[in-house]
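These notes concern the structure reproduced below.
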């Protein structure tokens, strides 16, 4: 974890994201330490920056994080750091559906969408992750749609409007 924290300290002093991100692609042996930093209770900014790198690693090289899918689901269930959650849930939204702790994960994702105090990005990425659940359980479609209609009545931020539109497009034929 020390190497990851040193990289984060370096990044904070001199932004060089691409250069540092490439290190995780080239040095797969650092990935376990990166994950440990993501799920750590270290002070800000260590988990948040590590989660940001985790997000980009997962989006560009999902093969490097797929073995961590169950650990990401476990973290999603207990972590309260919304910056970390946003990155982890976004990665989960791109991975194949997993039935691991299915009901708990479903409830947690619905909670992320439902609660207005959650960051909009977390709400949107939770919605994208719910697509896999709806594909498997079409009866969820009406429940989630009811939740979205309620949210629309109270007003939405632009990013949430886009997220809802994309969600509806993804489940349209279900």
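If N is the number of residues in region 101-174, what value comes out of its Cα radius of gyration divided by 2.2 N^0.38 Å?
On the way: Rg = 11.3 Å, N = 74, 2.2 N^0.38 = 11.3 Å.
Output field value: 1.00.
How compact and how long is region 1-96, expressed as Rg and Dmax of its alpha-carbon atoms in Å?
12.2, 37
Do the sum for the chain: with -39,500 (n - 2.57) for every DSSP H run of n ≥ 4, divided by all residues, what is the mean residue ellipticity at 222 nm, to the nearest 500 deg cm²/dmol? Write out the running numbers ahead of the final one.
On the way: 10 runs with 127 residues, N = 174.
It lands at -23000 deg cm²/dmol.
Divide, for region 86-138, the radius of gyration over alpha carbons by 2.2 N^0.38 Å, where N is the residue count. Kindly include the intermediate steps, with their values, before the conclusion.
Values: Rg = 10.3 Å, N = 53, 2.2 N^0.38 = 9.9 Å.
Rg over 2.2 N^0.38 Å, computed on Cα atoms: 1.03.
Normalising by the residue count of the chain, find the relative contact order in percent from Cα pairs under 8 Å and 6+ residues apart.
Details: 168 pairs, mean separation 27.3, N = 174.
That works out to 16 percent.
I'm spelling it out carefully: the read-out is mean projected area of the Cα convex hull in nm², the candidates are (1) 11.6; (2) 10.2; (3) 14.1, and one was derived from this structure. Which label?
(2)
Bear in mind that the values in this text are calculations on the coordinates, not laboratory data. These figures come from a predicted structure and were not determined experimentally.
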